[in-house]
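Below is one structure, written out as structure tokens; the observations come after it.
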Amino acid sequence: MTREICRSWRVPLVTLFAGLASADGDDGGEGKCMGWRQTAGCSPSGRREPARDRGCDVSIGQDWSGYCECAGGVRAAESTCTHESFTCEAKCREQWAWLREQRKKRAEQEKEVESASADDNLAKLYKRGKGFYVMGNTELALRHFREALKLDPEHGACKADYKQAKKLEKLLGKLEGVMGKEVEGKGRMKQLERDDQFEEARGLIEDSLALSPPAVYRASLYRDLCICCTKLRLKDESLSACKEHHALDSGSAASRTLLAEASLLAERYEDAIGIYRKLAEEDEHSKEAREGLQRAEKLLKRSREEDYYKVLNVSRSASPREIKRAYHKLAVEYHPDKNKDKADAEREAAEVKFKSVALAYEVLSDEDLRRKYDEGEDVSGNPGEQQQQEQQGGMWMNHGGQHVHVRFR
């Protein structure tokens, strides 16, 4: 899945604001680049490889993972092995410009809080707290609600909003621990790898949405739910969440990309093709849109051919164990030895089905082949080799990690 939402060069807020301390002082090194720091395993958090570090003016291209070290302990452009080329000098300048803007906004907000705290006007405090809550600043909203409740502990609307905001803050804190910090306009910074992580995040997101929070929270929550459900291959849930995010996010390119991915998962290939084609027309340099369009077209073509999942009677989200169980059941049912006493037509049909079941299992039981098949790539073997094996009176198949020769005549 492309994840425009989780671009590889984005930097966690916890790292960014670590630099605000020095940024608040008289630091003449703002924007200064220290150099590129290479890491192993195509992960910015992987083991450091100092021998492959590079200078600030070196173009960092594909197959390089790591981050740019900037002045003040700030990191920029944390990258996996798939990203557009950049230089650390440019990324550090951009990051420090963003930090200065955030520092300015924080100062203005703190000033407003101090002003409101000095004002014992209950209505004004509650109104400002509600405003911060609607804008997505839970921390400042809670501070205003607390000050208002000091003046009137039984203020019904304020109590209700305070309790909801408090619960939401707790859930979002847990979600942040699972999926990483939220950076405005950039999404979550942590890249999850295991299904149990996506399941945990999904539960926290659904609990948060159950509180009916303001729209600004729902947009990002539905985005995260869309990503989790797509990663977990939950077709209906993924499509529903991605549509909600698309509606709340004003049809941004990022939300449309996620909707296209969900459409592919739901086997709505023509819908996905339409979305990717429109994105490619709007941005002819978008590699993600071009590759997405190619993949959707391949999957549409594949959908008109034999579907290995349907051959084994399993869903596209089936686990390896479910696939193996389905294969064994069908292999026993259509095994030549079990059908040898049937009429010629029935026996031949069973043999064809047995071969089809074996081939489907051969692809879906192999993690790499299954991934390629799901992406619409050609996973067929060497036809000449297979034909030669069949002419010799049988077919070699990989059953459970062992090669077994099945003779059909």
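The values are calculated or read from the model by the stated rules, or taken from the named source; none is laboratory data. In this text the structure is predicted, and so the values were computed from the model without any measurement. Cβ: placed from backbone, ideal geometry, glycine included. Neighbour counts: every protein chain shown.
There is no residue in segment 333-341 that is within 31 Å of the chain's Cα centre (by Cα), among the acidic types (Asp, Glu), surrounded by fewer than 18 Cβ atoms within 10 Å (Cβ to Cβ) and in a loop (DSSP other than H, G, I, E, B). The C-beta contact set for segment 43-66 (first residue in the same structural domain as Cys81 (by TED's automatic domain parsing), second residue at pLDDT 90 or above and among the β-branched types (Val, Ile, Thr), distance under 6 angstrom, 6+ apart or interchain) comprises Gly46/Thr39; Arg48/Thr39; Asp57/Thr87; Ser59/Thr87; Ser65/Thr39; Gly66/Thr39. When the helices (runs of 4 or more DSSP H) confined to segment 265-318 are screened for residues that are over 29 Å from Glu333 (Cα atoms) and touching a residue at least 24 places away in the same chain (Cβ under 8 Å), those reaching at least 3 such residues are found at 269-282, 287-303.
In this structure, does Glu351 turn out to be at pLDDT 85 or above, farther than 30 Å from Gln294 by Cβ and more than 35 Å from the chain's Cα centre (by Cα)? Yes, satisfied. Counting only residues that are surrounded by 14 or more Cβ atoms within 10 Å (Cβ to Cβ), without any contact (Cβ under 8 Å) to a residue 40 or more places away in the chain and part of a helix (DSSP H, G or I), segment 128-166 holds 23 of them.
Restricting attention to segment 35-45 and to residues that are small (Gly, Ala, Ser) and either over 14 Å from Asp63 (Cα atoms) or touching a helix residue (DSSP H, G or I) at 6+ places or on another chain (Cβ under 8 Å) (or both), the residue that is surrounded by the most Cβ atoms within 10 Å (Cβ to Cβ) turns out to be Gly35. Within the option set Ala326, Ala296, being crowded, with 17+ Cβ neighbours inside 10 Å, modelled with pLDDT of 90 or more, not acidic (Asp, Glu) and not assigned by TED's automatic domain parsing to the domain that holds Glu377 holds for one residue only, Ala296.
Within segment 256-295, being among the hydrophobic types (A, V, I, L, M, F, W, C) and under 28 Å from Ala318 (Cβ atoms) holds for Leu258, Leu259, Ala260, Ala262, Leu264, Leu265, Ala266, Ala272, Ile273, Ile275, Leu293. Count of segment 73-105 residues, restricted to those that are touching a residue at least 12 places away in the same chain (Cβ under 8 Å), farther than 27 Å from Gly41 by Cβ and over 25 Å from the mean Cα position of the chain (by Cα), is 7. Checking each residue in segment 139-171 for being closer than 13 Å to Leu125 by Cα, out of contact with any Cys (no Cβ under 8 Å at 6 or more places or on another chain) and of a type in the set (A, V, I, L, M, F, W, C) picks out Leu140, Ala141, Leu142, Leu151, Ala157, Cys158.
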